[in-house]
1. Please work out how much length the chain gains when fully extended from E189 to Q101, using 0.36 nm per residue of separation minus the C-alpha to C-alpha distance, in nm with one decimal.
2. How long are the semi-axes of the ellipsoid equivalent to segment 220-277, from square roots of 5 times the Cα gyration tensor eigenvalues, in whole Å, largest first?
3. Describe numerically, in nm with one decimal, the distance between label points set 7 Å from Cα along Cα→Cβ at K165 and at R94.
4. As an exercise, identify the GluC sites (Glu not before Pro) in segment 68-164 lying in DSSP coil whose Cβ has no more than 16 other Cβ atoms within 10 Å.
5. So which trypsin sites (Lys or Arg not before Pro) in segment 179-282 end up in coil per DSSP with only 16 or fewer other C-beta atoms within 10 Å?
6. With angles folded into 0 to 90 degrees, how steeply does helix 255-266 sit against the dominant principal axis of the chain? Use alpha carbons for both and round to 10.
7. Please express the shape of segment 151-200 as an equivalent ellipsoid: the semi-axes are the square roots of 5 times the eigenvalues of the C-alpha gyration tensor, given largest first in whole angstrom.
8. Which value, in debye to the nearest 20, describes the size of the charge dipole of segment 148-205 about its Cα centre when Lys and Arg Cβ atoms bear +1, Asp and Glu Cβ atoms bear -1, and nothing else is charged?
Amino acid sequence: MAYTCFDVDVADGVAHLVLKRGDELNTMTPEFWRELPEIVGRLSATGEARAVVLSSTGRHFTAGMDLSVFTGQSSLLGSAPSDAELGRVRSQLRLSAALLQDSFTALERARMPVLAAIQGGCVGGGVDMVCACDCRYATTDAFFVIMETNIGMTADVGTLQRLPKLIPEGVAREYAYTGRRMSAQRAVEVGLVNQLFDTHEDLVAGVLEIAAEIAAQSPLAVWGTKEMINYARDHSVADGLNYVATWQTGMFHGGDMMEAFAAQAAKRDPEYQDLLPEPGFD
């Protein structure tokens, strides 16, 4: 299937999503907001991908929101007749914000990890997006900007909710309040980025290699691990322990563990079954 904003390739359990509008700084057009959750949702539902790499083209990873989201016939903000009651107009705007938020929540909701490979600028909505990914990697010249503050608005698509869970809260507040650039080196120091690469080519190759390592593991174990880490982030330790006990009761039956032991004994790589498709995708 052809997409306006993405090229998609799936090989050996790794899906590679590439933002392909590099000449336009990979701004997030209305098509972007529709395509991203559709692609990630399909990959998750079918079980064909065990890991996803999200990379980009051109000088910058993304310049963030495209103005067409707010204006014109393709606007995602909805439309209302001139005599519409104000409360109804505002409730429609709230639904529009929720639609944009859900496009990035799809990355968290996916049954497989999503790894972001970031070159150059990651601005505005780009920060929202990579904060919803499982891991972030970058080139040495990359930088991050919570641009919304600089244009007189409050970021509303996930940065302010997720970033303080990824880096020290005081650091998140500083960059959110000032709209200042965070360099790649600083991003590594505070834990936003896992690893830096000298070139864009090295970055993509390196992150694809990490994704391949993940794809070689049991997809059920990896899904469970992602689910538990996300749940623990938003709940108490006691709640998290209770949830993983319930999860194991339902999901753990030992087949993948036996395959791992058999592979070790035979000095071969283990071979795990893919996750079954979600109902309606088989």
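1. Answer, rounded to one decimal: 28.9 nm.
2. Semi-axes (√(5λ), whole Å): 27, 11, 11.
3. 2.2
4. Working: sites: E85, E108, E148; in loops: E85.
Counting only loop positions with at most 16 other Cβ atoms within 10 Å, the GluC sites (Glu not before Pro) in segment 68-164 are E85.
5. Working: sites: R180, R181, R186, K226, R233, K267, R268; in loops: R180, R181, K267, R268.
The qualifying sites are R180, R181, K267, R268.
6. 60
7. Numbers: eigenvalues 86, 32, 22 Å².
Taking √(5λ) for each eigenvalue gives 21, 13, 11 Å, largest first.
8. 260
Each reported figure results from applying straightforward, stated rules to the coordinates on display, with no laboratory input. If you're wondering where the values come from, they're calculated on a predicted model, not measured in any experiment. Here the Cβ is made from the backbone with ideal geometry for all residues, glycine too, and neighbour counts use every protein chain on show.
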